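Data block below; observations after.
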Amino acid sequence: TFVKEYISEADCIILVFKEPFHYKDNVKHNNWYYEASVSISVGILLCALNNVGLVTVTSTPMNCGPAIRRLLGRPDHEKLAFLLPGGYPATSATVPHLKRKPIDKICTFI
């Protein structure tokens, strides 16, 4: 369905753009490792949001990136990487009680 309540009912929406290259003095310059940099940055942002009691869900917007980019007046070379609806959790929200696995179940020391 086209109705995405996790977006329409969110307190805010954080849009993260990636920039494969940039221009300086009308010369195109590649931005190396931009995918990794954006992903690591979003991971740190998710941890920070969680640390202050906010919630989000990562969403990779399919087919709407160019329209959102134009709506916001962003340059053509920027690409929408993540759409993060966020806010305080609903009072009716439930979260499964997950337990961490012991270190010896996920790691082998040599």
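The values are calculated or read from the model by the stated rules, or taken from the named source; none is laboratory data. What you are looking at is a predicted structure, and each value in this text was computed from that prediction instead of being measured. As a convention, Cβ positions derive from the backbone with ideal geometry for all residues, glycine included, and neighbour counts pool all protein chains shown. Each accessible area value is taken on the protein alone, full model and side chains, heavy atoms only, with ligands, DNA and RNA left out. Shrake-Rupley method; radii C 1.70, N 1.55, O 1.52, S 1.80 Å.
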| Of TYR23, TYR34, TYR88, TYR6, which has the most accessible area and how do the rest follow, probe 1.4 Å? | TYR88, TYR23, TYR6, TYR34
| field | Under 5 Å, built H, 5+ apart or other chain: amide partners of SER59 | value | LEU83
| field | Mean accessible surface per residue for segment 31-110, computed with a 1.4 Å probe while every protein chain stays in place, in Å² | value | 82 Å²
| query | Taking Cα centroids, how far is segment 41-110 from segment 19-34 in Å? | reply | 26 Å
| Tell me, what is the FRET efficiency for HIS77 and GLU5 to the nearest 0.05, using R0 = 35 angstrom and their Cβ-Cβ distance as r? | 0.60
| Rg and Dmax [Cα atoms of the chain; Å; Rg one decimal, Dmax integer] | 18.1, 54
| said: As I understand it, the dipole of the chain uses +1 on the Cβ of Lys and Arg and -1 on the Cβ of Asp and Glu, about the Cα centre. Which of VAL27, TYR88, ILE44 lies farthest toward its positive end? | reply: ILE44
| task | Kindly state, to the nearest 0.05, the FRET efficiency for ASP104 paired with CYS47, given R0 = 30 Å and r defined as their beta-carbon distance. | result | 0.75
| query | Against the longest principal axis of the chain, how steep is helix 34-51, in degrees 0 to 90 to the nearest 10, with axes from Cα atoms? | reply | 40 degrees
| query | Tally Lys/Arg at +1 and Asp/Glu at -1 over every other residue whose Cβ is under 12 Å from the Cβ of PHE82; what's the total? | reply | +1
| Reachable lysines from LYS18, Cα under 18 Å, same-chain residues fewer than 8 places away excluded? | LYS28, LYS79
